[in-house]
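Right, one structure below, let's go through it.
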Amino acid sequence: MGDRRSQIDRRASRASQQPPDEQLALFAKRVRRAIRDEDSRHIFGVASGEDDFRGYPDVLRTLDWIEGLANS
């Protein structure tokens, strides 16, 4: 049981570090791709009409922030 607890502690301390820029950019790219996909976009926003989709403002702001971190 002590080994299992030590693994959790190592992961927790690593989680506080910012991922590399490439990883942040890839994550943002994958989320934007999911937003464009008709099957998964309902998670990230609301359909306003037949071909009109509006993303949740918090999701879009967060994506912009992540992309800003990746590009800095």
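Every number in this text was worked out from the coordinates using simple rules, so none of it is lab data. Keep in mind that this is a model prediction, so the values were computed, not measured. Ideal geometry is used to build each Cβ from the backbone, glycine not excepted, and the neighbour counts take in all protein chains shown.
Net charge within 14 Å of Val31 by Cβ-Cβ distance, Lys/Arg positive one each and Asp/Glu negative one each, not counting Val31 itself? Result for the neighbourhood of Val31: +3. Multiplying the residue separation of Glu50 and Glu38 by 0.36 nm and removing their Cα-Cα distance gives an extension gain of 3.2 nm. For Gly45, the residues whose amide H sits under 5 Å from its own are Tyr56, ignoring neighbours fewer than 5 places away on the same chain, with H placed 1.01 Å from N.
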